[in-house]
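What follows is a single structure, written as structure tokens, with notes after it.
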Amino acid sequence: MVAAQADAIANQIQPPRIPRRRFPLARFGGVGDGKTDNSAAIAQAIEACRMAGGGRIILPKGVVLSGPIRLHSQMELHVPAGTRLKFIPDADRYLPPVHSRWEGVELMGYHPLIYAFDEQDVAVTGKGVIDGSADDRTWWPWKGPWADRYGDTPAAERQAADRARLFEMAENNVPIEQRIFGAGGRLRPPLFQPYRCTRVKMEGVTVTASPFWLLHPVECRDVIFRHVTCTSHGPNNDGIDPESCAGVLIEHCIFDTGDDCIAIKAGRNADGRRLAKPCENIVVRHCLMKDGHAGVAIGSELTAGVRHVFVHDCRMDSPALTRALIIKSNSFRGGRVEDVHLRRIEAGRIDKAFVQIWMLYEEGDGGAYPPSVERVSVSDCTVASTGRLLVVRGLPHAPIRDLRLERIRVGRELKPSVAIDVNPLVVEDVVVGGTVWTRDYLRHLPGADSISCDKWAVCK
């Protein structure tokens, strides 16, 4: 049943329809010499393509420097093998502000490096590299203290004040056009953000050095990421973050990231409730997850809900991969999560936990919107080594419902698993370190009652 549902979703997702017209950038004066600013040439090629009714814009080989790029309907940006599309890291180039989302909240913010808004049939393809040019001197220090690297960034250059101001605006229902974070703002843009688009595809490219999240489709329908490599180790460098989308296929991709490999989102707090657009019908298959906070994360911005997520036939393996799956929210963000299924995951070493469901994230409990998590299954998986197989923390007034673990083999678990406020928990044919689990065994693991777990989703 689960396999048939996943296949049905994947088969219904439609690819973009791109006319066969070709627009080589060289025709518009574009060069790949690593010195010339190609922004004007790219803009001319995009306009010619748009006026003709769409087609493929082909970059030359070499290093192609550019400022921000905005794509339109029936348009494909092709980055061939041997091409490195390298963005110029001058924040002023990414103004004036455009309609965007930042950590689940709408705003007028920096132009994403590649952007499309309210379009149809948009693609980015090729076997080249898309380089956001973020590093320890540009974009990333705006995060402020992170990984012991940016502690000397002056407070005025950090994102914390702007982040708090944006969230306060959203809670106070300030109109989007008044939530302006332009010149002097410190909320970093994503590398690729199609917003309210239908039929979107990225295929073949390698994406690196992103200022913020790498690939962030928002309110899109029919989205495909295929044979994409996400390799970027800066702060908040999630790989793919589908937010409030319907119909997403992520397959044959490689992730080596500074944050979650894949993070599924649906708006935050007041904005999530106002927009009320869930993220649903998502299939992740045949992917490789290396470094990252999680192979697949759901949340923490999931206020509008996430449902029908299928992750299967993936390999996850790295001492720096913190979890295979985490679902995270709290009673301030709320959100309803339904029908999340992991199948045939081959895991090597996973640092903290193979599966974690955590309803005390960040602000913890005490809000008026208790989250709901129902029907999560993990089946036919192998794990060589993990800190814990399972860490589950629901809320007494909102327990996790219907969590199933079936046919799982774990070579080594370093600390005992824990499950608090979950009902029912079904355990069938689960073997950990040679010991066959039962539900009662899990509940009575030595020391499980004394495990302390803080609101940042870390069990000690």
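The figures follow:
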| quantity | calculated |
| --- | --- |
| Neighbour cut-off at most 11 other Cβ (10 Å), DSSP loop, trypsin sites (Lys or Arg not before Pro), the stretch 92-161 | Arg137 |
| Integer Hz, Karplus 6.51/-1.76/1.60 couplings in order for the stretch 146-155, x for Gly and Pro | 7, 6, 6, 10, 10, x, 8, 5, x, 4 |
| Listed residues Thr198, Asn237, Cys261: farthest to the positive end of the dipole of the stretch 194-267 (Cβ charges) | Thr198 |
| Spread of Cα-to-Cα distances over 5 Å intervals beginning at zero, given as percent, for the stretch 291-383 | 3, 14, 24, 22, 17, 12, 5, 1 |
| Antiparallel content of DSSP bridges confined to the stretch 354-409, in %, to 5 | 10 percent |
| Calculated from backbone phi, Karplus (6.51, -1.76, 1.60) coupling profile of the stretch 200-214 in Hz, x at Gly/Pro | 10, 9, 10, 9, x, 7, 9, 10, 8, 6, 7, x, 9, 4, 7 |
| Phi-based couplings in Hz for the stretch 394-405 (Karplus 6.51, -1.76, 1.60; Gly and Pro marked x) | x, 10, x, 8, 8, x, 5, 10, 6, 9, 10, 10 |
| Virtual spin-label span in nm between Thr138 and Arg344, 7 Å along Cα→Cβ | 4.3 nm |
| Charged-residue dipole, Cβ positions (Lys, Arg, Asp, Glu), the chain about Cα centre, Debye nearest 20 | 800 debye |
| Whole-Å semi-axes of the ellipsoid equivalent to the stretch 110-157 (Cα gyration tensor, √5λ, descending) | 31, 15, 7 |
| Unsatisfied cross-links (Cα-Cα over 18 Å) in the set Lys265/Lys415; Lys143/Lys352; Lys35/Lys86; Lys201/Lys328; Lys265/Lys352; Lys127/Lys290 | Lys265/Lys415; Lys143/Lys352; Lys201/Lys328; Lys265/Lys352; Lys127/Lys290 |
| Centre separation in Å (Cα based) which lies between the stretch 60-108 and the stretch 343-386 | 34 Å |
| Neighbourhood charge, 13 Å Cβ-Cβ cut-off, centred on Phe167 and excluding it, Lys, Arg +1 and Asp, Glu -1 | -3 |
| Helical segments meeting 18 Å axial Cα length and Kyte-Doolittle -0.5 threshold in the chain (DSSP H) | 39-52 |
| Difference of contour (0.36 nm per residue) and Cα-Cα distance, Asp380 to Glu157 | 75.5 nm |
| Other-chain or far-sequence residues with amide H under 5 Å of Arg412's (modelled H) | Ser385, Thr386, Gly433 |
| FRET efficiency for Ala270 and Asp118, using Cβ-Cβ distance with R0 set to 30 Å, rounded to 0.05 | 0.80 |
| Structure-based [θ]222 nm, the chain - -39500 (n - 2.57) summed over DSSP H runs of at least 4, per residue, nearest 500 | -3000 deg cm²/dmol |
| Residue-span extension gain [Lys61 to Lys127] - 0.36 nm each, minus C-alpha spacing | 22.6 nm |
| Placed amide H near Leu389: partners under 5 Å, 5+ positions off or other chain | Phe354, Ser417 |
| Footprinting exposure proxy for Asp90, Asp260, Asp402 (fewest neighbouring C-beta atoms within 10 Å first) | Asp90, Asp402, Asp260 |
| Set of the stretch 317-339 residues, backbone N closer than 17 Å to the point 7 Å along the Cα-Cβ line of Glu406 | 339 |
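All of the numbers you see were taken from the coordinates with simple rules; none came from a lab. A quick note: this is a predicted structure, and the numbers were derived from the prediction, not measured. Note that each Cβ is placed from the backbone with ideal geometry, even for glycine, and that neighbours are counted across all protein chains shown.
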